[in-house]
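To start, the structure under review is shown below, and the notes come after it.
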Amino acid sequence: MPRQVRIEYEGAFYHVMARGNRRNRIFASPEVGDEELFLKTLGDCCERTGFRVWAWVLMRNHYHLLVETPRGNLVDGMGWLQNTYTRRFNTRHREWGRLFGDRYKSVLVESGGNGGDLYLRTLLDYIHLNPVRAGLVPSKTYEGLLDYPWSSLTKGYAVGPKAREPWMAVDEGFAVFQCSDRAADRRHFVKRLEERMNAEARQKCGLSEIEGQTLQSTLRKGWYWGCESFKEALLDRLAKEREGILPVAKDFRSSGQARDHAIRDAESIITGAVRHFGMGDGQRSDFADLPRGDGRRVAVAWALSRKTSLRQSWIAERLSMRSAGNVSEQVRRFALRPEKELPKEIRLWKALHS
């Protein structure tokens, strides 16, 4: 079977979905806190990659995200997210091996254009109504939409700005519905979804059709959710990058672009470190000349690990550290070290990148 097309560009929107291996749970139970662990990992991912999450829902054995990628780095970021959550999940539960099944599904989503943000609005509703479609709402456990705790409706659109995570693009989500981030509009947003839920009680929730395109079918089998001109623009983009290759038959992952973005961000951090610590000009030799346990090198490695999605092997090579394992261990120790034990210049650097 042909693999799903991957197209990356700055400002792209995607519906992303991934299931557990063999449809097993990726969240053991709410009591264990796996949902919170995933959201923490998602937040870490957004900090490293610049992802903006417009909507999300966690559904026992799978999740849905509506993600905006200002840097055009979906593949890089999603690889980090799923690999990191898998490691954290396995460590917590003393397990090993794959947590997710086949590669995550991503569907490009049209925004703006002649139809306004019709496609974004439809997808936002689809994600927030997913617990209804799965039969979790209404139920004895979750009577209404706001009773289901693991969605951006409950933890984003229904609460004030101070109660939300900074990586959630709630303001922008409200804007596509011509709403503002105020209490009255938040109540209206929830009420509208509840009315739609009740109106579709005898159907599968979230089903929509625009220009002959059914959302449910698109999210399962398609690669874009938008009008015909949006599709043609995407195909033109592919043709320019991969002239003569049919996009439906290959995996077009522009991971080189994502890597270039990450390296650019990393070099910017290194340049800032050179100025902050009064080092040479930031060349590899400058770090190689530092003593083995020099705190400045570890501080830079910590910032690169925190703010970029580059592999630790790249950090080890760039900063003249022995190995990826050494980077991991040194960064872990640095993060746990009490602030009062750090030299002033390193303490200030850490504060700048926290």
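The values are calculated or read from the model by the stated rules, or taken from the named source; none is laboratory data. Quantities reported herein were computed from a predicted structural model and do not represent experimental measurements. With ideal geometry, Cβ positions are generated from the backbone for all residues, glycine too; neighbour counts draw on all protein chains shown.
Collect the residues in the stretch 72-108 that are among the aromatic types (F, W, Y) and more than 18 Å from G50 (Cβ to Cβ), keeping them in residue-number order.
Y85, F89, W96, F100, Y104
Considering only the stretch 157-171, state which residues are surrounded by 15 or more Cβ atoms within 10 Å (Cβ to Cβ) and part of a helix (DSSP H, G or I).
Scanning the stretch 157-171 gives Y157, V170.
List, please: which pairs have Cβ atoms under 6 Å, are six or more places apart or on different chains, and start with a residue in the stretch 63-88 that is aromatic (F, W, Y) and end with one that is assigned to a helix (DSSP H, G or I)?
Cβ pairs passing all conditions: W80/C45; Y85/F38; Y85/T41.
What helices (runs of 4 or more DSSP H) completely inside the stretch 267-354 contain at least 3 residues that are modelled with pLDDT of 85 or more and either charged (D, E, K, R) or under 26 Å from K40 (Cβ atoms) (or both)?
295-307, 312-318, 324-336, 344-352
Which members of the stretch 20-35 meet the condition of being assigned to a loop (DSSP other than H, G, I, E, B) and of a type in the set (K, R)?
R25
For M17, are the conditions met, namely being under 10 Å from the mean Cα position of the chain (by Cα), outside any loop (DSSP other than H, G, I, E, B), within 25 Å of L310 (Cα to Cα) and among the aliphatic types (A, V, I, L, M)?
It is false that M17 is under 10 Å from the mean Cα position of the chain (by Cα), outside any loop (DSSP other than H, G, I, E, B), within 25 Å of L310 (Cα to Cα) and among the aliphatic types (A, V, I, L, M).
May I ask you to list the residues in the stretch 133-145 that are out of contact with any Leu (no Cβ under 7 Å at 6 or more places or on another chain) and in a helix (DSSP H, G or I)?
Answer for the stretch 133-145, where residues must be out of contact with any Leu (no Cβ under 7 Å at 6 or more places or on another chain) and in a helix (DSSP H, G or I): just R133.
Has the stretch 301-322 got at least one residue that is more than 29 Å from the chain's Cα centre (by Cα) and either exposed (fewer than 12 other Cβ atoms within 10 Å of the Cβ) or outside the structural domain of E339 (by TED's automatic domain parsing) (or both)?
yes
Go through the stretch 49-70 residue by residue and tally those that are farther than 17 Å from V170 by Cα, outside any strand (DSSP E or B) and among the hydrophobic types (A, V, I, L, M, F, W, C).
Looking only at that region, the number is 1.
Filter the stretch 40-49 for residues that are surrounded by fewer than 20 Cβ atoms within 10 Å (Cβ to Cβ) and out of contact with any Phe, Trp or Tyr (no Cβ under 6 Å at 6 or more places or on another chain) and give the result.
K40, D44, E47, listed by residue number.
Tell me, which residue of the stretch 99-116 that is in contact with a strand residue (DSSP E or B) (Cβ under 7 Å, 6 or more places away or on another chain) and of a type outside the set (S, T, Y) is surrounded by the fewest Cβ atoms within 10 Å (Cβ to Cβ)?
Only one residue fits best here, namely G101.
S111 passes all but one of (1) in a loop (DSSP other than H, G, I, E, B); (2) in contact with a Lys or Arg (Cβ under 9 Å, 6 or more places away or on another chain); which number fails?
Unmet for S111, out of (1) in a loop (DSSP other than H, G, I, E, B); (2) in contact with a Lys or Arg (Cβ under 9 Å, 6 or more places away or on another chain): (2).
Kindly evaluate I245 against the criterion of being of a type in the set (A, V, I, L, M) and modelled with pLDDT under 80.
In short, yes.
Suppose the filter is within 27 Å of G77 (Cβ to Cβ), part of a helix (DSSP H, G or I) and modelled with pLDDT under 95; does R220 pass it?
Yes, satisfied.
Residue-by-condition table, conditions (1) out of contact with any Pro (no Cβ under 7 Å at 6 or more places or on another chain); (2) crowded, with 21+ Cβ neighbours inside 10 Å; (3) more than 20 Å from W223 (Cα to Cα):
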site	(1), (2), (3)
R22	yes, no, yes
H62	yes, yes, no
T91	yes, no, yes
G97	yes, no, yes
L118	yes, no, no
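Looking for whichever is within 15 Å of M17 (Cα to Cα) and in a helix (DSSP H, G or I) here; the options are F89, F38. Which one fits?
Only one candidate qualifies: F38.
Name, by its number, the condition in (1) at positive phi; (2) in contact with a Cys (Cβ under 9 Å, 6 or more places away or on another chain) that does not hold for S320.
Every listed condition holds for S320 apart from (2).
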